[in-house]
Amino acid sequence: MSTTMTLRIEDDVKDRLEKLADSTQRSKSFLAAEAIREYVENNEWQITEIKAAIKEADAGDFATSAEVAAVAKKWKARAR
């Protein structure tokens, strides 16, 4: 199911969207809806992860200095 939504965009963005729609043989509506869907998914994921990290931090669930050093050593060895 879908619904209609009206939004204002800058003229240059509209022009670029029209060119992209022509190049990809997709409608402007399809491309805008896809961009909004991806934006919402990404931001939902980020907010969820931030909230989980804050919860872990509030619980004192941190890596020890030794654990951080071990990971750094591992990555340093791989970089060579």
### Task
Sort out which residues of the range 58-75 are surrounded by 10 or more Cβ atoms within 10 Å (Cβ to Cβ) and either among the hydrophobic types (A, V, I, L, M, F, W, C) or in contact with a Ser or Thr (Cβ under 8 Å, 6 or more places away or on another chain) (or both), and write them in order of number.
Phe62, Ala63, Val68, Ala69, Ala70, Val71, Ala72
### Residues satisfying the stated conditions in the range 15-52, i.e. of a type in the set (Phe, Trp, Tyr) and closer than 18 Å to Met1 by Cα
Phe30
### Message
So, Ala53, is that one in contact (Cβ under 8 Å) with a residue 24 or more places away in the chain and assigned to a helix (DSSP H, G or I) or not?
### Response
no
### Message
Which count do you get for residues in the range 3-22 that are closer than 19 Å to Arg37 by Cβ and surrounded by fewer than 10 Cβ atoms within 10 Å (Cβ to Cβ)?
### Response
5
## Note on the structure
From the option list Asp11, Asp61, single residue qualifying as more than 23 Å from the chain's Cα centre (by Cα) and modelled with pLDDT of 95 or more is Asp11
### Task
Sort out which residues of the range 1-50 are among the β-branched types (Val, Ile, Thr) and assigned to a loop (DSSP other than H, G, I, E, B), and write them in order of number.
Thr3, Thr4, Thr6, Ile9
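In this structure, does Glu34 turn out to be of a type in the set (Asp, Glu) and either touching a residue at least 60 places away in the same chain (Cβ under 8 Å) or surrounded by 10 or more Cβ atoms within 10 Å (Cβ to Cβ) (or both)?
It is true that Glu34 is of a type in the set (Asp, Glu) and either touching a residue at least 60 places away in the same chain (Cβ under 8 Å) or surrounded by 10 or more Cβ atoms within 10 Å (Cβ to Cβ) (or both).
The values are calculated or read from the model by the stated rules, or taken from the named source; none is laboratory data. These figures come from a predicted structure and were not determined experimentally. Note: ideal-geometry Cβ built from the backbone for every residue, glycine included; neighbour counts use all protein chains shown.
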